[in-house]
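See structure below.
The values are calculated or read from the model by the stated rules, or taken from the named source; none is laboratory data. As the structure is a computational prediction, the values presented were derived from the model and not from experiment. Neighbour counts are summed over all protein chains in view; Cβ atoms, including those assigned to glycine, are modelled from backbone coordinates with ideal geometry.
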Amino acid sequence: MLFSIAYRNIIRARRRTIVTIVLSTISTAFFIFYVSMMEGSYSKIFKDSVEIYPSYIQITGLNYRDDPGYENLIFDTKSVVEKISKIDEIELAASRFEGFMLYASSENSVGGMLVGVEPSSEPRLSKIPKTLIEGEYLFANDGNKIIIGEKLAKKLNVRLGDTVSIVGSAIDYSFAADNLIIKGVFRTGLDEFDSNAAFINKEYLDEILLSQNISTHIIVLPKNPANSQEVAKKIEQTFQTSEYEVQEWHKYLEGVIKAMEFDKYSGIITMWLFLIVIFFVIMIYALLTIYSRIKEIGIMRSIGTTPLQVFYILMLETALLGGVSVVIGGIIGGYLSYYFQINPIYLESFEETYRHYGILEAVLPSVFSWEIIIEGMGFIMFMNIISAVYPIIKVNSFKPIEAIRHR
């Protein structure tokens, strides 16, 4: 019976019902969309940080990260790659050789990093090929051709097609030098990286450094990047010796993760401020609507309805309206999240600013997640219920005769 009374009250007061549903629906949809955009932005930052160069999993010699000397390299690259390629969860594994060289042009000289890569595999492991602003990427048959960071090119005062000399040390610590031709210029937006790095076909670099079948890193791309931690553990189990170190991106990008987590706190604070605002808006409206019914409640009390029954009726009304609202808001918020996940918001005016932080595309994607949708609906539903408790208790405190005479 209490349910039917609550239902009739909702149908009878159409204006109040519509306003309540619209308010809660907008709050639910906006909250879900806000959280999905926040999560999407942070996910993109992490994704770009990983994919721009480091990739998801790296294998190095045991002590290479602490002491990147030639004695701590991977000296049997082919067998290591063949062994880990048998793991089902791995899509691709390829080698890199990072060497530190002195670059020299006719006008200037500067130290930097020369990376030997496998041109056929590297476009799937990193986004360096997508950052080219001039020229083209390396081919498998390229010899003494390099792609160079924009800021490094400016330091040397060279451009596309110019020749750069390199001087360094081979694996046996003998003298290594060559003249290289600039085939492309890249710009990642990471100033330090663009000021120091250049890329060359690893096969050609091996001839210069006598590093055949030797590498500083083996880069691994999992079939599902979300499972990179599990894949890294499987790789560790594959090698029974302590000859190699397997690191997953959460380890070698720990500084980036901490910085993003700190930044995320501000987003969480903003979200809670938003929730507080929503709560007070809903509460004030609930207070006004319930207080406007004091006379109606007084009449109900005078004909024998108990305060507890009044409480149940009003809470049922709140629950029914809130339930309908959060379902509609969840559908709208979920649709917006899904749409902007597929069609991210493009911020053309912020492109250069984004590149400065290593974000290749100035887009704001959202994340479609059932967890976010359900949590958002639950939060707003909870706020609807809680916001009605105080007004109901307050109007129940009136005696029936006081409530009937209330204006």
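Please state which one of Ser169, Ser121, Ser174 is surrounded by fewer than 20 Cβ atoms within 10 Å (Cβ to Cβ) and more than 15 Å from Met101 (Cα to Cα).
On the way: Ser169 fails: more than 15 Å from Met101 (Cα to Cα); Ser174 fails: more than 15 Å from Met101 (Cα to Cα).
Exactly one residue qualifies, and that residue is Ser121.
Which of the residues spanning segment 266-300 are exposed (fewer than 14 other Cβ atoms within 10 Å of the Cβ), aromatic (Phe, Trp, Tyr) and modelled with pLDDT of 75 or more?
Once the filter is applied, which keeps residues that are exposed (fewer than 14 other Cβ atoms within 10 Å of the Cβ), aromatic (Phe, Trp, Tyr) and modelled with pLDDT of 75 or more, segment 266-300 yields Trp272, Phe280.
Here are some conditions: (1) within 35 Å of the chain's Cα centre (by Cα); (2) at pLDDT below 95; (3) outside any loop (DSSP other than H, G, I, E, B); (4) over 19 Å from Ala94 (Cβ atoms). Ala177 meets all but one. Which one does it not meet?
Unmet for Ala177, out of (1) within 35 Å of the chain's Cα centre (by Cα); (2) at pLDDT below 95; (3) outside any loop (DSSP other than H, G, I, E, B); (4) over 19 Å from Ala94 (Cβ atoms): (1).
Results for (1) in the same structural domain as Phe139 (by TED's automatic domain parsing); (2) among the hydroxyl-bearing types (Ser, Thr, Tyr), shown as yes or no for each residue.
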position	(1), (2)
Leu190	yes, no
Asn196	yes, no
Phe199	yes, no
Lys202	yes, no
Leu210	yes, no
Thr238	yes, yes
Phe262	no, no
Thr270	no, yes
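Go through segment 54-102 and give me each residue that's among the aliphatic types (A, V, I, L, M) and assigned to a strand (DSSP E or B).
So the first thing to find is which residues in segment 54-102 are among the aliphatic types (A, V, I, L, M), and the list is 57, 59, 62, 73-74, 80-81, 84, 87, 90, 92-94, 101-102.
Ile57, Ile59, Ile74, Ile90, Leu92, Ala93, Ala94, Met101, Leu102, listed by residue number.
Would you confirm whether or not segment 73-89 contains a residue that is within 28 Å of the chain's Cα centre (by Cα) and either buried (at least 16 other Cβ atoms within 10 Å of the Cβ) or farther than 27 Å from Ala226 by Cα (or both)?
Taking segment 73-89 first, the residues within 28 Å of the chain's Cα centre (by Cα) are 84-85, 87-89.
Still in the running and either buried (at least 16 other Cβ atoms within 10 Å of the Cβ) or farther than 27 Å from Ala226 by Cα (or both): 84, 87.
Yes.
Determine, yes or no, whether Lys202 is of a type in the set (Lys, Arg) and loosely packed, with under 15 Cβ neighbours inside 10 Å. Quick ask: steps written out before the conclusion?
Details: of a type in the set (Lys, Arg): yes; loosely packed, with under 15 Cβ neighbours inside 10 Å: no.
Here the answer is no, as Lys202 does not meet what is asked.
I'd like the residue in segment 206-225 that is under 12 Å from Arg96 (Cβ atoms) and β-branched (Val, Ile, Thr) and, out of all such residues, is surrounded by the most Cβ atoms within 10 Å (Cβ to Cβ). Can you show your working first?
Initially, segment 206-225 is screened for residues under 12 Å from Arg96 (Cβ atoms), giving 206, 211, 214-220.
Pick out the ones that are also β-branched (Val, Ile, Thr) and you get 214, 216, 218-220.
Numbers: Ile214: 18, Thr216: 22, Ile218: 21, Ile219: 25, Val220: 27.
Across segment 206-225, the extreme among qualifying residues is Val220.
Which condition number does Glu51 fail, the rest of (1) in contact (Cβ under 8 Å) with a residue 24 or more places away in the chain; (2) over 14 Å from the mean Cα position of the chain (by Cα) being met?
(2)
What tally of residues in segment 182-222 results from selecting those that are free of Cβ contacts under 8 Å to residues at least 60 places away in the same chain and within 26 Å of the chain's Cα centre (by Cα)?
Of the residues in segment 182-222, 3 are free of Cβ contacts under 8 Å to residues at least 60 places away in the same chain and within 26 Å of the chain's Cα centre (by Cα).
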